[in-house]
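No value in this document is a laboratory result; all are computed from the given coordinates. Not measured: the values here are computed from a predicted model. Cβ placement follows ideal geometry from the backbone for every residue including glycine, while neighbour counts extend to all protein chains displayed.
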Amino acid sequence: MDLKTEPCASTIGDLPLFIKQFSQADSLRLRNTLVQILEELKQRRKNDVENEDRIKWLVQEKYELERRKKQHEVYRECMETEIIVLKDQIRNLQLRKYTLEKNLRDQDRKFQLEVQSSETHLHQMSKVEQEFNEIKTRCKEITENDIGHLKREGKCLVMQRIKDKSPGNCI
């Protein structure tokens, strides 16, 4: 029986005509259909609640993921900044190392020159001292020779004076 096509002709005190025409089997079918509809409605409401809970959970999870992503981005930016700062520090330290090494090489070169100069000076001083000793020895020899010569000359002069002063030589 088609419920939509049946006309509903009733009076106020009477039951509708289509209800009177229902058989017991139709009533059971209608009841089962209504029970099924109610069960489907309950299931749909339950699914809707579960879906709403799942949507809330997914929205919360999305929020957490976005927050973590932002945190990760901030950490990454901080790390990149720190890397740049560390690279600058490394460059500065390398430059300082190079400068110190250059200064050390220059000072070492100066030291080597001073050592070489000192050795040359010592060698020259040693030569001068040796020459001085030779000259001193030579002077001593010459002085001794001259003293010996002067002594002989002095004796001769003294003798000649004596000879000149002697009474037998008066003229």
**Per-residue ³J(HN,Hα) for region 72-80, Karplus 6.51 cos²θ - 1.76 cosθ + 1.60, θ = phi - 60°, Hz, x for Gly and Pro** = 4, 5, 5, 4, 5, 4, 4, 5, 4
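Can you give the FRET efficiency for ARG109 and ASN133, using 1/(1 + (r/R0)^6), R0 = 35 Å, r = Cβ-Cβ distance, to the nearest 0.05? Provide the component values of the computation, followed by the final result.
Working: r = 36 Å, r/R0 = 1.03.
According to the calculation, E is roughly 0.45.
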**Request:** Give, in nm to one decimal, the length gained when the segment between VAL59 and GLN116 is fully stretched (0.36 nm per residue of separation minus the Cα-Cα distance).
**Result:** 12.2 nm
**Asked** Under a point-charge model restricted to the Cβ atoms of Lys and Arg (+1) and Asp and Glu (-1), what is the dipole moment magnitude of region 14-171 relative to its Cα centre, in debye to the nearest 20?
**Response** 560
**Complete:** Among region 99-134, those whose backbone N falls under 15 Å of a label point 7 Å along Cα→Cβ from THR143 are 132-134
**Complete:** One checks the Cα atoms of region 46-171 and finds Rg and Dmax, in Å, of 52.3, 177
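Quick one: putting +1 on the C-beta of Lys and Arg, -1 on the C-beta of Asp and Glu, what dipole do you get for region 119-166 around its Cα centre, in Debye to the nearest 20? Don't skip to the end; give the middle numbers.
On the way: 10 positive and 9 negative charges, 123 e Å.
For region 119-166, the charge dipole is close to 580 debye.
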